[in-house]
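Notes for the one structure printed next.
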Amino acid sequence: MKFSTRSTYGLKAMIHLAQNWQKGSIPLSAIANNENISLGYLERIFAVLKKAKLVKSEKGASGGYALSRSPEDIDVYSIINTLEGEASSFHCVEKGDKVYCGKKCECSVEPALLKVARAISAALKDIKLSDLIG
């Protein structure tokens with residue numbers, strides 16, 4: 001799993017929606033201004049988040065985006081995995097019960113890297129959007 005600007009901006013925008021959960025839809029332009037993110041970039045991020053059903057859109061004068069479910073039901077792992085895909089932080093990738101190594105090696109560091117990757121994923125699954133709002 002990778003942590004790029006896309007993940008950072010997507011997470012910032014999702015936290016913004018979580019902070020305003022009870023207020024309904026928020027225009028992307030307002031999120032872009034408040035979070036200092038390019039509107040065009042945010043539109044591309046939200047297209048992916050919407051496709052993954054993490055956000056919903058509403059059209060019209062009071063339209064915008066809102067979380068598709070409560071902040072307690074959305075974890076950080078889902079957001080980052082949606083925006084970045086299943087890419088691993090390391091060249092060794094775990095898929096189910098098999099390990100695929102991009103370097104085609106059988107090295108002694110593989111178990112340690114996989115343990116770290118699993119710990120990162122578990123920690124991100126434990127963090128809910130509701131944990132990140134004050």
**Request:** May I ask you to verify whether Ile127 is over 17 Å from Arg6 (Cβ atoms), under 13 Å from the mean Cα position of the chain (by Cα), hydrophobic (A, V, I, L, M, F, W, C) and at pLDDT 95 or above?
**Result:** yes
**Asked** Do we find a residue being closer than 25 Å to Lys125 by Cβ, of a type in the set (Ser, Thr, Tyr), in contact (Cβ under 8 Å) with a residue 24 or more places away in the chain and touching a helix residue (DSSP H, G or I) at 6+ places or on another chain (Cβ under 8 Å) anywhere in region 29-42?
**Response** no
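Does Leu49 satisfy the criteria of being among the aliphatic types (A, V, I, L, M), more than 16 Å from Leu129 (Cα to Cα) and not in a loop (DSSP other than H, G, I, E, B)?
It is false that Leu49 is among the aliphatic types (A, V, I, L, M), more than 16 Å from Leu129 (Cα to Cα) and not in a loop (DSSP other than H, G, I, E, B).
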**Fill in**
The residue from Ile74, Ile45 that alone is at pLDDT 95 or above and out of contact with any strand residue (DSSP E or B) (no Cβ under 7 Å at 6 or more places or on another chain) is Ile45
**Request:** Kindly indicate whether any position in region 46-60 is closer than 30 Å to Lys115 by Cβ, of a type in the set (Val, Ile, Thr), crowded, with 16+ Cβ neighbours inside 10 Å and touching a residue at least 40 places away in the same chain (Cβ under 8 Å).
**Result:** no
**Selection within region 5-28 - among the polar types (S, T, N, Q), over 19 Å from Glu84 (Cβ atoms) and either in contact (Cβ under 8 Å) with a residue 24 or more places away in the chain or not in a helix (DSSP H, G or I) (or both)** = Gln19, Asn20, Ser25
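The values are calculated or read from the model by the stated rules, or taken from the named source; none is laboratory data. Note that the structure is a prediction, hence the values are computed from the model and not measured. Every residue, glycine among them, receives a Cβ derived from its backbone with ideal geometry; neighbour counts consider all protein chains shown.
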